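Remarks on the structure that follows.
The values are calculated or read from the model by the stated rules, or taken from the named source; none is laboratory data. These numbers come from a predicted model, not from an experiment. Virtual Cβ from ideal backbone geometry, glycine too; neighbours counted across all protein chains shown.
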Amino acid sequence: MYVINSFAGKAKPGKFKFEVHICEHCNLNCASCNHFSPLAGESYLNVESYQKDCARISDLTKVELVRLMGGEPLLHPRLVEIVKISRRFFDTAHIEIVTNGILLPRQPAAFWETCKEEAVTVFISKYPVKLDLDAIDDLAKQYGVQIVYTTNIDKTNTWRKEPLDVSGAGKAKTNFMVCYKANNCIQLKDGKLFTCQQAAYINHFNDFFHTSLEITNKDYISIYEAATIDEIARFLARPIPFCRYCVLGLNHASYLGHQWAVSQRNIAEWT
């Protein structure tokens, strides 16, 4: 397997990793969310389809990292099953649940026990919202679950914006080569692999704003149609047509330093 080093523009040896949305919607709805969760209706990962996809991937390659995220993954009523499926097929992988943490104090014992038994790390992205960190830490210690905080608490009031050019006038190769997400945020969705989350979930943006940012079969690779992991690796290590809609790489000033806010579902948040 090869993972692209997008800044150097060269492939380097690596192990396969992927992310999967457990829920497409979220209970926090951050402005400019690059997963488009504020625009998504209530939608949950199909557990049986996910199990089938995991079986196929495990036949193709060894997996180093599985990130269960969204949206807000703790909203899924069958999250415990999803965790167990992930571990069953990827027995040596590092498995992470990426959450805003708001629902952690309300999780049943089965959730915490499963995280312990299956060696799952809970990653909490900090936001400027009320969160009882002491209670969460106490629960994690009680059940022996590792908690990692992904953002410095003093910096949670700043946010990022990864703007889109709805005209699609950008240069796909140029954007891909300078994008930190290119082949680094691989998304598994309905038996397909995408090089980043924007391409995988642009349907929510299109549906909400009645736009037509195009996704074709050249923007993803099917894990069932690909014959080998090398074929998948070669696909993921090059630009996709959808990259022409992204202006992140050419406009870093628009990326960092935004004030965090709840989404008003205005298209300006994403463009």
Give just the number: which of (1) modelled with pLDDT under 95; (2) in contact with an Asp or Glu (Cβ under 8 Å, 6 or more places away or on another chain) does Leu133 not satisfy? (2)
I'm trying to understand the selection: among the residues of the stretch 12-62, which are among the acidic types (Asp, Glu) and out of contact with any strand residue (DSSP E or B) (no Cβ under 9 Å at 6 or more places or on another chain)? Glu48, Asp59
Check Ala11, Ala40 and return the single one that is aliphatic (A, V, I, L, M), at pLDDT 95 or above and more than 14 Å from the chain's Cα centre (by Cα). Ala40
Is there a residue in the stretch 227-235 that is of a type in the set (Val, Ile, Thr), surrounded by fewer than 17 Cβ atoms within 10 Å (Cβ to Cβ) and outside any helix (DSSP H, G or I)? yes
Name the one entry in Thr121, Thr61, Thr99 that is crowded, with 19+ Cβ neighbours inside 10 Å, within 26 Å of Asn184 (Cβ to Cβ), polar (S, T, N, Q) and touching a residue at least 24 places away in the same chain (Cβ under 8 Å). Thr99
With the first residue restricted to the stretch 215-228 and required to be closer than 11 Å to Asp190 by Cβ, and the second required to be in a loop (DSSP other than H, G, I, E, B), Cβ contacts under 7 Å at 6 or more apart or on different chains are Ser222/Gly191; Ile223/Gly191; Tyr224/Gly191
Over the stretch 32-51, the set of residues assigned to a helix (DSSP H, G or I) and surrounded by 15 or more Cβ atoms within 10 Å (Cβ to Cβ) is Ser37, Pro38, Leu39, Val47, Tyr50, Gln51
Test: residue in the stretch 195-202 that is under 20 Å from the mean Cα position of the chain (by Cα), under 18 Å from Lys218 (Cα atoms) and not in a helix (DSSP H, G or I): yes
Quick one: is Thr114 part of a strand (DSSP E or B) and either hydroxyl-bearing (Ser, Thr, Tyr) or exposed (fewer than 15 other Cβ atoms within 10 Å of the Cβ) (or both)? no
